[in-house]
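Just below is one structure, and these are the notes that go with it.
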Amino acid sequence: MERYGKIMLTENARHIGDYHVIVIGGGPAGTAAAIAAVRSGVKTLLVESQGCLGGVATNVGVSCFLGSQKRGGLQNGPAVGGIFKELVKRMIAEGSACEPGMELGELKMLGFYDHILFDIEACKRHLDELVREAGVKLLLFTTAVAPLMNGRRVEGVFFYSKDGFSFARADVVIDCSGDADIVYRAGFETVKGRRDTGLMTPTTVISYIEDVDPGPLTEYLAAGGDRRFRNLVKELRKQGIWEYPEETIIIVPTLRRGVFMINTRRQVGIDGVQAESLTEAMVNGRRDAQEFLDKVLKPYCPGFKNAHLRQTGTTVGVRETRKIIGEYTLTEEDCIKGRSFHDTIALSGYGWDLPDPLRPSFQPFSNISLDKPFVEIPYRCLIPRSSENLIVAGRCISAEEQALGPVRVMPACFAMGQAAGTAAAICIEDSCIPLNVQTEKLRKRLSEQGAVLG
C-alpha cells in the first residue's frame with residue numbers, strides 16, 4: 001500500500017489531525033462506534049462520504065429497524081440496547097418512531113408489528129445531535145481513500161473532499177464502510193460475495209409511494225389477503241404482465257398515513273464496490289420505481305389507484321459485498337444451533353435474509369429453523385486476521401454466506417459499532433492491540449452501557 005501514500009503525499013495532502021480513533025463510515029455501525037469511543041474518553045474522528053449520518057436508514061431510505069427484538073414475540077425482550085435504544089427513545093418521545101407492537105392499523109397485518117418504524121428526517125437529526133453531544137469530530141462529504149501502512153499497522157488514513165486530499169493519523173482505525181474498504185486497501189484478506197462464485201445478493205433502490213388509500217389495503221388483508229401478494233404475482237405472470245424475477249411485493253407502512261415504502265424491485269448482477277455497476281443500479285432503480293407503480297401497483301394493488309411516486313433513495317441499497325477474513329468466522333451452524341461465545345458483544349433478533357444472487361425472492365435457508373430467538377456475534381468476527389490496529393463493524397464482518405443474513409441489519413450494526421468503539425478505547429487505555437482486548441472487560445463495559453448480550 002506504499003503507492004497510495006506516495007500518490008497522496010505528491011498531492012500535498014493536508015494533515016488534519018492526530019486521533020486516538022478514526023471511524024470510516026457514518027452508517028449505524030460507524031455512528032455508534034464513534035459515539036462509544038468518545039464517551040469512553042478517546043479523541044475520535046468520524047468520516048462519512050454522504051451528507052448525513054445513518055447509511056441504510058437515511059441515504060438508502062429503509063425506514064424500518066428489523067431484528068431489534070428477539071424472535072418469537074415481544075415477551076422475549078429486546079435483542080439490541082445501548083446507543084440504538086437511545087436513538088429510538090428520542091424519536092419515540094417526539095412521535096417520529098413507533099414502539100414494537102404499536103397498533104398502526106395496517107401495520108400489524110403487513111407483518112411489521114415487532115419492528116420499529118421511524119421518520120427518516122428525524123433519524124438524521126437525532127444522529128447529528130448524538131454525535132455532537134458526545135463530542136465526535138465529524139467530517140461529512142469526505143471519502144476515505146486509502147490507509148498509510150507500516151507493516152501490518154495502519155498509521156493513518158488519506159481522505160478526499162472538495163478541498164482536496166487530507167491525512168489524519170490514528171492509533172486505531174474502525175472500518176464501518178460496509179464494504180471493508182480500508183481493510184481491503186490495507187492488503188488484508190477479504191472475500192467478495194459467495195466464496196464459490198463471487199456473486200452477490202441482489203440490490204434495491206427503495207421507493208416511497210404517497211396518496212395510497214389504506215382502507216382497501218386493510219380490507220384486503222383483513223379478509224385473508226397475502227401480505228406479500230404472491231397470488232397476485234402468479235396471476236400477473238400468467239397474463240404476461242409480471243416480467244420481473246421477484247415472486248413477491250414487499251410493502252412497508254410508514255408513520256404517515258397513505259405513504260408506503262416499496263422494497264420490491266431487486267437487481268441481480270450488481271457489484272456494490274464497482275462505480276459503473278452502482279451507476280447502472282441507481283439509474284435503473286429510479287426508472288423501475290415509476291414503471292412498477294404505473295404497471296403493477298396502481299392498477300392491481302388495493303388502495304394504490306391514485307398513488308404517486310414520492311421519492312427514491314439517494315443511493316443503492318446494497319446487502320452484500322466484501323467481508324473480512326477475521327480471527328473467527330461466524331458460521332451458518334453457529335446461527336442454527338444458537339451457539340454462545342465467551343466474547344459475544346452483540347445480538348441480532350433477525351432471521352435468515354440473504355437472497356440467492358440470481359433469484360431475488362429465494363431464501364436458501366428459509367426452511368431451516370434457528371434454535372434460539374437471537375444470534376450471538378463474537379468480538380473476534382470484528383478483527384481482520386493478522387492486522388494490528390484495525391476493527392470492523394457492520395455487514396462486512398467475518399461471516400459465512402447465510403450467516404450474514406441475520407447480522408447485517410441496522411440494529412445489530414449499531415450494537416457491533418458500539419462494541420467496536422468501546423474496544424478501541426480499551427486499546428488506548430491498556431496500550432494493546434484490538435486482538436488482545438480483554439473481552440471480559442469489554443463485555444462488562446458494554447453491559448454498563450445498556451447493551452444486550454444474552
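The values are calculated or read from the model by the stated rules, or taken from the named source; none is laboratory data. Quick caveat: nothing in here was measured; it's all calculated off a predicted structure. Using ideal geometry, Cβ is built from the backbone for each residue, glycine included, and neighbour counts are taken over all protein chains shown. Surface accessibility is based on the protein's heavy atoms, side chains included, excluding ligands, DNA and RNA. Shrake-Rupley method; radii C 1.70, N 1.55, O 1.52, S 1.80 Å.
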Name every residue in the stretch 316-347 that is farther than 30 Å from Arg286 by Cα and small (Gly, Ala, Ser), in order of residue number.
-> Gly326, Gly338, Ser340, Ala346
Among the residues of the stretch 149-164 satisfying the criterion of being at pLDDT 95 or above, in a strand (DSSP E or B) and open to solvent by 10 Å² or more (accessible area, probe 1.4 Å), which is farthest from Glu388 (Cα to Cα)?
-> Ser161
Here are some residues: Gly51, Gly67, Gly61. Which one is within 27 Å of Met261 (Cβ to Cβ), among the small types (Gly, Ala, Ser), touching a Pro at 6+ places or on another chain (Cβ under 9 Å) and outside any helix (DSSP H, G or I)?
-> Gly67
Check Tyr244 against each of (1) open to solvent by 20 Å² or more (accessible area, probe 1.4 Å); (2) at pLDDT below 95 and name the one condition it does not meet.
-> (1)
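Yes/no matrix, rows are residues, columns are (1) among the charged types (D, E, K, R); (2) modelled with pLDDT under 95; (3) under 15 Å from the mean Cα position of the chain (by Cα):
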position: Arg395; (1), (2), (3): yes, no, yes
position: Leu404; (1), (2), (3): no, no, yes
position: Cys413; (1), (2), (3): no, no, yes
position: Ala419; (1), (2), (3): no, no, no
position: Leu453; (1), (2), (3): no, no, no
From Leu330, Leu297, which residue is within 30 Å of Asp371 (Cβ to Cβ) and surrounded by 22 or more Cβ atoms within 10 Å (Cβ to Cβ)?
-> Leu330
Asn436 fails exactly one of (1) under 20 Å from the mean Cα position of the chain (by Cα); (2) free of Cβ contacts under 8 Å to residues at least 40 places away in the same chain, namely (1)
Considering the stretch 399-436 alone, what residues qualify as being open to solvent by 10 Å² or more (accessible area, probe 1.4 Å), among the hydrophobic types (A, V, I, L, M, F, W, C) and in a loop (DSSP other than H, G, I, E, B)?
-> Val409, Cys432, Ile433
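Quick one: in the stretch 247-291, of everything that is part of a loop (DSSP other than H, G, I, E, B) and among the charged types (D, E, K, R), which residue is surrounded by the most Cβ atoms within 10 Å (Cβ to Cβ)? Break it down into steps so the answer makes sense when it comes.
Going through the stretch 247-291, the residues part of a loop (DSSP other than H, G, I, E, B) turn out to be 247-250, 254-259, 263-265, 268-274.
From the residues that got through so far, the ones that are among the charged types (D, E, K, R) too are 247, 256-257, 265, 271.
Numbers: Glu247: 16, Arg256: 13, Arg257: 13, Arg265: 25, Asp271: 19.
My answer is Arg265.
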Taking the stretch 64-89 as the search range and keeping residues that are open to solvent by 50 Å² or more (accessible area, probe 1.4 Å) and either in contact with a Leu (Cβ under 8 Å, 6 or more places away or on another chain) or within 21 Å of Leu370 (Cβ to Cβ) (or both), which one is modelled with the highest pLDDT?
-> Glu86
Within the stretch 8-60, residues being at pLDDT 95 or above, under 18 Å from Ser166 (Cα atoms) and of a type in the set (S, T, N, Q) number 3
